[in-house]
Amino acid sequence: MNRPRPTDRPDTAPTELRGSGRISAGPNRLRVLATALAAVACLGAQALPAAAATDSGDVVSRGVTIPEFYQPPASLPSADGALIRSESLPLALSLPSINGPLPGTATRLMYKSTDSNGQPVAVTGAYIEPTAAWKGSGPRPLVALAPGTMGQGDQCAASLALQNPITLNGETMSVGYEDLAIYRLLAAGTAVVVTDYVGLGATDRLHTYVNRLDGGHALLDAVRAARAVPGASVTSASRVALYGYSEGGGASASAAELQPTYAPDITLSGTYAGAPPADLVKVIKGIDGSALAGALGWSLNGFLQSDPELRAIADKYLSASGKEALNDLSTMCTGDALFGYGFAKSKSWTTTGQSLSDIVAAEPQIQNTLDNQRIGTLKPTSPVRLATGIQDDIVPHGQARQLAVDWCAKGANVSYVAVALPNLGDGLLTNHLAPLLTDQGDAVSWLTDRLSGKSVTSNCWSMPIQP
């Protein structure tokens, strides 16, 4: 089964490169390699071979077999968060203990959500029942985790990364770096549910990268789905928190402000939103020409899928090489994009030589699309810890801080944290990734305090004037 791709149309389709695993050489390749190897070294994970195809019910993406489980059924339940199917999920990193496997027992999920067009959609993910006891007050709580940028290929899904933390097979490089945060939360005795987002894992469509409605809905519906998992200890009485960094920070921030209207049945105790891409106009400028330049292709692919009216504009500006890049990126994970499109500049993808930022400024329809993606127009009604590295140039610090300002102006309970680290290299991802690791322990502690029922006071009044 092959998903429709954004450029699979007779009038615009470039030469097919899907599954080619093309790795482009270039003057910046050593810098990309250093960045990738540093990320792998921090995780300390073991490389695992990619799965081989088994039968016609499976899907193969860049040499990785996506189990038939991930193919959505023809019809979906009506209720958001309804569990469509589940099965046991073997964790790659698991140890035996007297009380059961550490850190816990995992279940693969497929559940129903609603996309940004108001249409039903199947979303996959995973629920992990921890072996560690919850030592806080009340019943065992639940943390819904929104992964950071994983890519756009189905093989990049976070639920698959729990089974294979690193996939290296010559065609794709996928690193499950969110496993560290997941295991930390499980060690604290909280149950964890992870969303794969709309279109990542589930094989019927492309992942709608940084779409605030798709991401926020998928995360909130994961909470509902977790409560329905057979044998799960969490119930509607369990306190709930959200966790996310980078793309995940945007999804958790969006979910926090959407919760009062989209999911009033869920009572949130707190939300951690790290480095959220709240203003995509500014984020585009940060990503363009950086090690993560391929993410521009993922966002374009997703918005072209969600809003077909934008295709005429894409046809106007995208060159053959630009269409080829979008097609190629649609099956890539973050590691693939670092090697294949690291430090690419969007002006090399256009017929006019204009950058994506220039085109956004010239096209009101695109501006309107990105304005509708702005996070911060609604008020979260539960505490939020918003953290951003002051040197972050990929998901720029200033726009993340502005989100805190916007929420504070609405009277939200915001704990704003500016992570002060030295400049670790412009455009290399290091300024973006370092706060993820250095702030993670404090973020988990802040969440577990909220899940224990401890109150927190907003620091809006003391936020420094300068970013």
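Laboratory data are not the source of any read-out in this text; all were calculated from the coordinates shown. In this text, all values refer to a predicted model and were calculated from it rather than measured experimentally. All Cβ positions, glycine included, derive from the backbone under ideal geometry; neighbour counts span all protein chains shown.
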Self-check item: Order by protection proxy (mean Cβ within 10 Å, highest first), peptides 305-312, 431-438, 209-216
Solution: 209-216, 431-438, 305-312
Exercise. Arrange the peptides 386-398, 278-290 so that the one whose residues have, on average, the most other Cβ atoms within 10 Å appears first.
Key: 386-398, 278-290
Quiz item: Using a simple spin-label model with points 7 Å from Cα along the Cα→Cβ vector, what separation in nm is obtained for Asp442 and Ala361?
Solution: 3.6 nm
Quiz prompt | Cα-centre dipole for the stretch 301-344 with unit charges at Cβ (Lys and Arg positive, Asp and Glu negative), debye to 20 | solution = 80 debye
Quiz prompt | Using θ = phi - 60° and Karplus 6.51 cos²θ - 1.76 cosθ + 1.60, couplings along the stretch 85-100 (whole Hz; Gly, Pro as x) | solution = 7, 8, 7, 5, 10, x, 7, 5, 9, 8, 10, x, 8, 4, 8, x
Quiz item: If you average 1/r over every pair of different alpha-carbon atoms in the stretch 331-387 and take one over that average, what Kirkwood value in Å do you get?
Solution: 14.7 Å
Quiz prompt | Local net charge near Ser445, Cβ-Cβ under 11 Å (Lys/Arg +1, Asp/Glu -1) | solution = +1
Quiz item: Lys135: which aspartates and glutamates have alpha carbons under 12 Å from its alpha carbon, excluding same-chain residues fewer than 8 sequence positions away?
Solution: Asp449
Quiz item: Under the Kirkwood approximation for Rh and a Cα-based Rg, what ratio Rg/Rh is obtained for the stretch 163-282?
Solution: 0.97
Quiz item: What span do the alpha-carbon atoms of the stretch 253-391 cover on each of the three principal axes, reported in whole Å from largest to smallest?
Solution: 48, 31, 27
Quiz item: Quick one: which of 251-262, 334-345 comes out on top by average Cβ neighbours within 10 Å, and what's the full order, highest first?
Solution: 251-262, 334-345
Quiz item: Quick one: if you take sqrt(5λ) for each eigenvalue of the C-alpha gyration tensor of the stretch 86-154, what semi-axes come out, biggest first, whole angstrom?
Solution: 28, 16, 12
Quiz item: Roughly what % of Cα-Cα distances in the stretch 263-337 sit above 20 Å, to the whole percent?
Solution: 44 percent
Exercise. Write down, largest first, the equivalent ellipsoid semi-axes of the stretch 229-283 in whole Å, where each equals the square root of 5 times an eigenvalue of the alpha-carbon gyration tensor.
Key: 25, 13, 9
Self-check item: Assigned charges on the beta-carbon of Lys, Arg, Asp, Glu; the chain dipole about Cα centre (debye)
Solution: 720 debye
Quiz item: In square nanometres, what is the average projected area of the Cα convex hull of the stretch 54-172?
Solution: 10.0 nm²
Exercise. Project the alpha carbons of the stretch 296-355 onto their principal axes and report the range along each, largest first, in whole Å.
Key: 31, 26, 15
Exercise. Can you find, among Val223, Ile287, Val123, the residue farthest towards the positive end of the dipole of the chain? Put +1 on the C-beta of Lys and Arg, -1 on that of Asp and Glu.
Key: Val223
Exercise. Mind checking which lysines have their Cα closer than 22 Å to the Cα of Lys285? Skip sequence neighbours fewer than 8 apart in that chain.
Key: Lys316, Lys323, Lys345, Lys347
Practice problem: Excluding residues on the same chain fewer than 8 positions from Lys410, give the lysines whose Cα lies under 16 Å from its Cα. | Solution: Lys379
Exercise. Taking H placed 1.01 Å from N in the peptide plane, check which residues at least 5 places from Leu102 or on another chain put their amide H under 5 Å from its amide H.
Key: Leu95, Ser97
Quiz prompt | Surrounding net charge for Tyr272, when Lys and Arg each add one and Asp and Glu each subtract one, Cβ distance under 10 Å | solution = 0
Self-check item: Semi-axis lengths, Å, the chain, gyration tensor of Cα atoms, sqrt of 5 times eigenvalues
Solution: 31, 26, 22
